[in-house]
Structure formats: C-alpha cells, structure tokens
Ligand SMILES: CC(C)=CCC/C(C)=C/CC/C(C)=C/COP(=O)(O)OP(=O)(O)O
C-alpha cells in the first residue's frame, strides 16, 4: 500500500541514497571530511528542504562544550533510554537466575552491557546520519546537528566497544563478553545495513534485543546451549519436585529452556512494540528509505505483531515449565498476556493508527509487568518466608529437627 511512498522517496533521493550506500567505512570518512570542511551538507546528500530545520554548528561549538554537555552528547550517542532498557533486561535475567551472584559480577555485567550497547548505538548513528536527518524523531541526534565529529564519535564507539567486552571478559566470563561482541557486530554491522535493504531487518533487530537477557543469564554462570549430559535438565522441575514443593535444585532450572524463554520474551516483545511504532511512523521511514514492514504492507506488519503476542502468551506455560517460576506464574501472567493478545488482535483487524498507539502503550507496561511477575513467582523464593510470616516445608523441617 505504501510502496508508492518508498518508490517516490527513493527516486527523489536516488543520488544521496547511492552515495551513502557505499561500504560503511567509506561513508564514514566521507561524512567526516564533510564535517571537517564545516560546509553545509550538499543537497546531494541532505535534501535542502529536509536539512533546513537542522542546526549547523561549527567546530567552535564543539570546542566550547562543557564536560557536562559532552556527557550529554555521549548519552545521546549511546541512545541512553534504549541502553537503559537493554541493561534492565540483562539485570532481569540476573534476578530470575537460580544461582546467586556477587556484587562485583552484578555491577560489571551492568556496566559492561552499558558500554557494549553505547558502542553499538554510536556505530549505528555514524552510519545513519543522512537518514536520521530526514526523520523528525531522529534529526536532533548529535551527529546530524554536528555537535560532534564522526571521528570523535568513532573514538567513543571504539573506547566503549573495547572497554565493555574487556570488563565482561575479566570480571564476568568469556561467554558473556563474546555475546556482547557478537551483538555489537549484529546491530552495527548487519541490522543497520539491512534496514535499507530488506524488511527482514526487523527479525534481525529482534535477535539483537533478545541477546542482553542471555548476557545476564550467562553472567550468573547459566548455560545457553544443551550439553550431551544435560538433557535431563530439560525435565520441568514440577515433574521431579512436585508442584507445591519448595525444595528446589538450581541446576534443574539452569537449563537452556530457561535461557530460551528469556530470549523469546525479549525477542517476541519487540514485534508488537516496534511494529506498532513503525506503523505510526511509516511515512517518515519510507521517506528516509528504510525498508520497514508497514511501508510495504501495514496488514502484514499488524499480523506479525499479533503472531508474536501469541508467542508471548505461550510463555505463560513455557516459563514455569522451564523451572524458572512456580506454576502460579502461569495463572497471574495470563492477565497481561490476554490483554496484550486482545490489543494486538484489534490492531491486526483494524490496522489503524489509534489501535497502533494503544498497542504501543500496552507494550510499555507489559514487559515490566511480566518481568515483575517472574521475579515474584521465582522458583525457590518464598516471599512470605522472606518477610517472616511464612511456614515453608523447609522451615518446618528445620524447626522440627
Ligand atoms: C549488548 C549490546 C551490544 C546491546 C545492544 C542492544 C541494542 C542496540 C538493541 C537495539 C534493538 C533495536 C533493533 C533497536 C532499533 O534500532 P534502530 O536503529 O531501528 O533505531 P533508530 O531508528 O532509533 O535508529
């Protein structure tokens, strides 16, 4: 339906599009040279009508940045709100993991993930300056406003991109560091490139968002791959312990199914969240030349969001089955999951902006609600016992012995 929009935009921006779709490193030096010349971007790269609203500062402005202003620029390069969500999703995995962790490991995981995410987001922005300049949502980014040079931004990406994995490797473990490195490459190398090539980018982007919970999982010593000797670990703990039993064996929960459930939660959540946002902004995505699903088919976009809402609903069963939570999670999580299914079904049926907005807002509270419920129903945690009013079988055993 919106193919005509993309067609028109690609035609009118044919020269800039071909200029910037050269290999990322070439376009990086190209933009840096342009920045250095402090010249107004030529209309072959930034259409004049679009760029007129963008401030054009000089080197002087960069030199006059105070340390606090520079920190704010770094925070914008790191997409601080997105990075905060990424770190929260990693920390949520740490919280629901059955093995206890230490404060240094916890802090190193949080800081290491922050640095990796900052690097990935900066590398993404370095490559997208001409495209970000064309969208209202992104045209205030520091590289577009030229408050920082691409070389300076690349330096920031390099320092954070080395410091993050080194911190994870030395203070946490090599698996977590490798996941961080792989995710930087996937986001800044593969996803960013795919955004302008194929609608398949959405699925790759969802993998990028699903990896941080795995980093939290491995940071606690958790496994993400089945080993030949750990097949028995797939057995749900209720088969071995009994549903109401409070005696639990952490090694039964540290199984790849638990890791897969955490990955799937973040992976599938991004579809209703991102597809609804994308639907609202489809015209500006088309204008900038991004190949997003609703630019081509709003109906398919809404269907994909609905399908993943159904996957999220199935996690109400998979998560307790993996042993991460008790079976009461299956009951309590049904409420937010059912509501999400209903909102995404309406979006699929009507494919309207109103329904897209409702779904987007729903997603904002759905994720914290589910993660909160997972922590509340975490296997082996007796909240009543914790606040001193419970009488668990373990306590009774202890008291009678
Ligand atoms: C540990 C580590 C490396 C974590 C990285 C996590 C990360 C960057 C997740 C982003 C997920 C995603 C696809 C966002 C959309 O980017 P976009 O480029 O479409 O957003 P934009 O349009 O705002 O630029």
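None of the figures in this text is laboratory data; all of them are computed from the coordinates on show. Small disclaimer: the values here were computed from a predicted structure and weren't measured. Because the Cβ atoms are built from the backbone with ideal geometry, glycine has one as well, and the counts that use them run over all protein chains shown.
Most exposed first by the Cβ proxy, i.e. fewest other Cβ within 10 Å, how do 129, 318, 295, 166 rank?
Lowest to highest Cβ neighbour count: 166, 318, 129, 295.
Could you give the length gained by full extension between residue 352 and residue 149, i.e. 0.36 nm per residue of separation minus their alpha carbon distance, to one decimal place?
My answer for the length gained is 69.0 nm.
Mind giving me the FRET efficiency for residue 197 and residue 307? R0 is 30 Å, r the Cβ-Cβ distance, nearest 0.05 is fine.
Rounded to the nearest 0.05, the efficiency is 0.85.
Cut-off is 10 Å between beta-carbons; in what order do 344, 352 appear when sorted fewest neighbours first?
Starting with the residue having the fewest Cβ neighbours, the order is 352, 344.
Taking 30 Å as R0, compute the FRET efficiency from the Cβ-Cβ separation of residue 327 and residue 365 and round it to 0.05.
0.80
Going by C-beta contacts inside 10 Å, put 348, 217, 193, 269 in order with the fewest on the left.
The order, fewest Cβ neighbours first, is 193, 348, 269, 217.
Using a cut-off of under 12 Å, list every residue of the range 344-361 whose amide N is near the label point 7 Å from the Cα of residue 299 along the Cα-to-beta-carbon line.
Under cut-off, by backbone N: 349-351.
Label residue 339 and residue 138 with points 7 Å out from Cα along Cα→Cβ: what is the distance between them in nm?
Computed distance between label sites residue 339 and residue 138 equals 3.2 nm.
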